[in-house]
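Novice: Take a look at the following structure, please.
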């Protein structure tokens, strides 16, 4: 009952100029956004040019190294693989003559075709077991 009516303040001059200030703030933000976008485009372009130069340089390096790698692969196929097969064949033959050596071959999953003493042409993948790890020597 004893309520007093609230007095509403009169609009000041700053509130009447608020739309003008907001328009200026929006215009400033638009300029800043445009400048930021232009800088972003420039940085992206510079990064793309850098990556393109790196790509070209790497392609030239690959072209130079490709013949050398081909020669190394040929030597590996012609020399290293037959030596490794011969060595593993000798190990399996040794394991036949010395049965106490067979657990070592089993540990490293060296498989021998019975009767020939040679390794299989393609060694089957190990099923469900992790590759052997080196144990510390004492």
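Nothing in this text is a laboratory measurement; each read-out follows from the coordinates by a stated rule. Predicted, not measured: the structure shown is a model, and the values here were computed from it. Here Cβ is always computed from backbone atoms with ideal geometry, including for glycine, and neighbour counts include all displayed protein chains.
Novice: Using 7 Å Cα-to-Cβ label points, what is the residue 35/residue 107 separation (nm, one decimal)?
Specialist: It is 7.1 nm.
Novice: Still on this structure, please answer the following. Mind listing P(r) for the stretch 24-107? All alpha-carbon pairs, 10 Å bins, whole percents.
Specialist: P(r) over the stretch 24-107, rounded to whole percents: 14, 16, 14, 13, 12, 11, 9, 7, 4, 0.
Novice: May I pose another question? Nearest 0.05, what FRET efficiency do residue 100 and residue 80 give at R0 = 30 Å with Cβ-Cβ as r?
Specialist: 0.55
Novice: Please give the length that would be gained between residue 3 and residue 61 if that part of the chain were fully extended, namely 0.36 nm times their separation in residues minus their C-alpha to C-alpha distance (nm, one decimal).
Specialist: Stretched fully, the residue 3-residue 61 segment lengthens by 12.0 nm.
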